[in-house]
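The values are calculated or read from the model by the stated rules, or taken from the named source; none is laboratory data. None of the values given here were measured: they were computed from a predicted structure. Here the Cβ is made from the backbone with ideal geometry for all residues, glycine too, and neighbour counts use every protein chain on show. These accessible areas exclude ligands, DNA and RNA; they are computed on the full protein's heavy atoms, side chains included. Shrake-Rupley method; radii C 1.70, N 1.55, O 1.52, S 1.80 Å.
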Amino acid sequence: MYIKKISFTIILSAFVLFVLAQTRITANFNKDWKFYSGEAAAANEINFDDANWRILNLPHDWSIEFSFDSTSPTGNGGGALRGGLAWYRKTFTVPATDQSKNIYIDFDGVYRNSEVWINGHYLGKRPNGYISFEYELTPYLKFGNKKNVIAVKVDNSMQPNSRWYSGSGIYRNVWLVSKEKISVDHWGTFISTPQVTNSSALVVIKTNIINQLSKNKNVKLVTSLLNGEGKEVAKVESDMLLSINKKETEQKAEIKRPVLWSDEHPYLYKAITKIISDEKVADVYETTFGIRYFKFDVDKGFLLNGKHLKIKGVCDHHDLGCLGTAVNKRALERQLELLKGMGCNAIRTSHNPPAPELLELADKMGFIIMDEAFDMWKKEKTKFDYHSDWDEWHAKDLQDQIVRDRNHPSVFIWSIGNEIQEQWGDKDDTSAYNIIRELNAIVKRLDTSRPTVTANNEIHPWNKLLQANAVDLIGYNYNQSEWNKDKLSKLWGNKPFIVTESVSALETRGHYDHFCSDSIRRWPARWDLPCDKCNDDLTVNAYDNVSAPWGSTHEETMKVFQKLDNVSGQFIWTGFDYIGEPTPYPWPARSSYFGIIDLAGFPKDVYYMYQSVWTDKSVLHILPHWNWKNGDIVDVWAYYNHADEVELFLNGKSLGTKKKTGDDLHVMWHVPFVAGTLKAVSKKDGKIVLTKEIKTAGKPAKIELIADRKNIKADGKDLSFITARVVDASGNIVPDADNLIQFSVKGEAGIAGTDNGLQTSMEPFKSNQHKAFNGLCLAVLQSKEKESIVVVTASSQGLQAASATISIKK
């Protein structure tokens, strides 16, 4: 008789799911909320009539639905998109079988000043727009067929309260959690690996258990450690008397021959924690973790698992381009894929706690995270920002961030403040010392396994945050002439150093209007002055030769970064353009110019400079396009690696060979324009490595569609990012095409947003049409919950239409 083998992993996973189904249930609570924009008296009451309110699914950002508006109180720094006040309500039932359980609602993030009611009972307020929080619903719930109503008021009306686009609403996921009276607490485990070698790892598991029975209880705590294949590699059991309320217990286990987590091999383990009471499983709780050891060294920089590693990071805000701030895991994953493609291995969560999904993806994809808490302390940056909530909420908010995020192997650094105003102060003002020491103590009470830092844009000896000598790392924003060890040690002693923010270069993708590309430009003259050299259309050169006055170009920075071993890492401002803060550009600019990748997710030319330095891929990239006027002298740049030299040809005629000299990262030719084909050939030892051609394009003739994924899930959330290229009759992209492209969809999906990456476009993101910018346009297709073959068609007057087929399956 043939018996088919069933893997241990499948059996164990099935068992865990079965046990979870009997004990703890964490249900997605995003569907079928009612939404109303504006004040609604008594909307917190259970019998309030919301029949005419809009029905939607969360996560939801209402600000992204507005038109760009020069009169918006957010200003163009806030994206020129309005905030306001709004209500959400949801009606639901709870099975009668759950009457013996405790029920909680978890919010991953609400921007901002949220207040929550259940069946008319007030649960609380949370001013911070980025922190996750939980309320218990149990005492106020009705069970069986009786209806419950949860109401959420979100007040983002006091503006400005952010220096960038914040979004508005319940913009992260919501969960309904039911569990037994004896259970693991919210974020109730902390797993650390204080002793790691190649042969063994000590795993310390701290578990907070809550007992909401009216008596003490004897329980058994069983923790199984599973490797990435689902095989149990260690197990530890503890018997204990559980008193009423909470108890923290510690367990230790050893894993033999551990597989270490790294940016190149992000291997994950899982802890399955079971509480057994009266010989029954009362709770099962899962915790993902990784095993790694690291060190920040004064001389050698950063070492991961005993090996030197440069932290090659970017700063990123939390918006997802045309999707706004409404979190979507696939949109985050796409961003990380693009960053990984250029060699980036780190993210700074500027300047706030990130969505949980970002950290989950970073764990799986191999990103080193600087997890940042605050952009201001008690001193304001904008009139209505978090400073007014500081005294009451900062300790609770920081504590919740650390407890929520400390199991993630991707989190390596806690940043407790960015460019904090308390850096400055009168001689007798001790507030900076008091605050930084308090914040550092909160972190260290909860986690001693990671260093702390502040991101300082003021580095003079009188900087009060650095004077306090409270945090573990010295963090500089910019100031690259001061990065060498001798200067750092003279000021701050022997402390490891990291560049918390760098570059601030300015580029508009695909735009080339100045051909003196070998001269570097800074503007405005000072950070607080308007742009004094802006083009009338508020575009800026895509050659890497322009930066803000406090910053530097990408190449300038890279030259310093690569040669200084003591610099453990840097976080470039920024990975992506983001909505808001178009500094130094005035209205109608409404999104930033700092990104290596534009707002739509299209790489700028400098992306390939990073790829040529930070990856093992063979790279040859030339710029600009080849559509100019006869007689123009065009600067042609080439980024390349894995080669000794690059030879440039125009219409088959060699224009000479160039080699990088010194620490240069590109080569350049001054070329009189003649229409035709520009070809670059990189060579190693005389042999061709890569060839790249750019041809003069004719008039726009047709559209090409390229979907990043042709198979997506029928879950109502999955996305396909579809690029529309405007090309000539021969298929060459037309570099200045701005045709209006209309997208239509047949099948079970819809257009979630459109964009083109232009920082001054006034077209709404929530639309089925958008103009191309420099030949490119983006449409984001979002699935519904039915299986379907979806056809997306892009059309434009005078152009041949194009279609893409996307398969949507469960």
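Exactly one residue out of Met370, Met365 is buried (at least 22 other Cβ atoms within 10 Å of the Cβ), within 16 Å of the chain's Cα centre (by Cα) and in contact (Cβ under 8 Å) with a residue 60 or more places away in the chain: that is Met370.
Based on this model, can you work out whether Ser157 counts as surrounded by 20 or more Cβ atoms within 10 Å (Cβ to Cβ) and closer than 24 Å to Phe374 by Cβ? Spelling it out, it is not the case that Ser157 is surrounded by 20 or more Cβ atoms within 10 Å (Cβ to Cβ) and closer than 24 Å to Phe374 by Cβ. Looking across the stretch 266-285, the residues that are in contact (Cβ under 8 Å) with a residue 40 or more places away in the chain and either in contact with a helix residue (DSSP H, G or I) (Cβ under 7 Å, 6 or more places away or on another chain) or more than 30 Å from Leu304 (Cβ to Cβ) (or both) come down to Pro266, Leu268, Ile272, Lys274, Ile275, Ile276, Ser277, Val281, Ala282, Asp283, Val284. Among the candidates Asn198, Asn218, the residue that is open to solvent by 40 Å² or more (accessible area, probe 1.4 Å), outside any strand (DSSP E or B) and out of contact with any His (no Cβ under 7 Å at 6 or more places or on another chain) is uniquely Asn198. Answer with yes or no whether Ser568 is in a strand (DSSP E or B), open to solvent by less than 20 Å² (accessible area, probe 1.4 Å) and farther than 22 Å from Ser72 by Cβ. Yes, satisfied.
Residues in the stretch 105-121 that are in a strand (DSSP E or B) and touching a Ser or Thr at 6+ places or on another chain (Cβ under 8 Å) were compared, and the one that is surrounded by the most Cβ atoms within 10 Å (Cβ to Cβ) is Tyr111. Out of Asp429, Asp397, one residue alone is surrounded by 19 or more Cβ atoms within 10 Å (Cβ to Cβ), over 18 Å from Lys495 (Cβ atoms) and touching a helix residue (DSSP H, G or I) at 6+ places or on another chain (Cβ under 9 Å). It is Asp397.
Tell me which residues, restricted to the stretch 51-105, are among the acidic types (Asp, Glu) and in contact (Cβ under 8 Å) with a residue 60 or more places away in the chain. Residues satisfying the conditions are Asp61, Glu65, Asp98.
Let's see how each residue does on (1) surrounded by 19 or more Cβ atoms within 10 Å (Cβ to Cβ); (2) under 23 Å from Asp565 (Cβ atoms); (3) in contact with a strand residue (DSSP E or B) (Cβ under 9 Å, 6 or more places away or on another chain):
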site	(1), (2), (3)
Asp297	no, yes, yes
Val314	yes, yes, yes
Gly324	yes, no, yes
Gln335	yes, no, yes
Asn345	yes, yes, yes
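The single residue among Leu538, Leu488, Leu529 that is of a type in the set (A, V, I, L, M, F, W, C), surrounded by 15 or more Cβ atoms within 10 Å (Cβ to Cβ) and not in a helix (DSSP H, G or I) turns out to be Leu538.
Regarding the stretch 353-374, can at least one residue be identified that is more than 26 Å from Pro127 (Cβ to Cβ) and touching a Gly at 6+ places or on another chain (Cβ under 8 Å)? Within the stretch 353-374 (the criterion being more than 26 Å from Pro127 (Cβ to Cβ) and touching a Gly at 6+ places or on another chain (Cβ under 8 Å)), the answer is yes, since at least one residue qualifies. Pairing each residue of the stretch 704-715 that is farther than 26 Å from Leu740 by Cβ with any residue that is open to solvent by less than 70 Å² (accessible area, probe 1.4 Å), provided the two are 6+ apart or on different chains, yields C-beta distances under 6 Å for Asn711/Ser807; Ile712/Asp718; Ile712/Ser720; Ile712/Ser783; Ile712/Ile808; Ala714/Ser783; Ala714/Ile808. Among the residues of the stretch 508-517 satisfying the criterion of being touching a His at 6+ places or on another chain (Cβ under 9 Å) and at negative phi, which is least open to solvent (accessible area, probe 1.4 Å)? Only one residue tops the list, namely Tyr512. For the stretch 59-81, the criterion of being touching a helix residue (DSSP H, G or I) at 6+ places or on another chain (Cβ under 7 Å) and either charged (D, E, K, R) or farther than 30 Å from Thr760 by Cβ (or both) is satisfied by no residue at all. Scanning the stretch 741-763 for residues that are farther than 14 Å from Leu778 by Cβ, surrounded by fewer than 21 Cβ atoms within 10 Å (Cβ to Cβ) and among the aliphatic types (A, V, I, L, M) yields Val745, Met762.
Close contacts from the stretch 482-494, counting a first residue that is of a type in the set (Lys, Arg) and a second that is open to solvent by 60 Å² or more (accessible area, probe 1.4 Å), with Cβ to Cβ under 8 Å and a gap of 6+ residues or different chains, come to Lys485/Asp299.
Cβ-Cβ contacts under 6 Å between residues 6 or more apart (or on different chains), taken from a first residue in the stretch 145-158 that is in contact (Cβ under 8 Å) with a residue 24 or more places away in the chain to a second residue that is part of a strand (DSSP E or B) and surrounded by fewer than 16 Cβ atoms within 10 Å (Cβ to Cβ), are listed as Lys147/Thr91; Asn148/Phe92; Val149/Thr91. Can we say Thr448 is assigned to a loop (DSSP other than H, G, I, E, B), over 19 Å from Ser350 (Cα atoms) and without any contact (Cβ under 8 Å) to a residue 60 or more places away in the chain? Judged against the criteria, Thr448 is a match.
Among the criteria (1) free of Cβ contacts under 8 Å to residues at least 12 places away in the same chain; (2) open to solvent by less than 10 Å² (accessible area, probe 1.4 Å), the one Ser654 does not fulfil is (2). Could you look through the stretch 21-45, keep only residues that are outside any loop (DSSP other than H, G, I, E, B) and over 25 Å from Glu180 (Cβ atoms), and pick out the one that is most open to solvent (accessible area, probe 1.4 Å)? Filtering first and then ranking leaves Tyr36.
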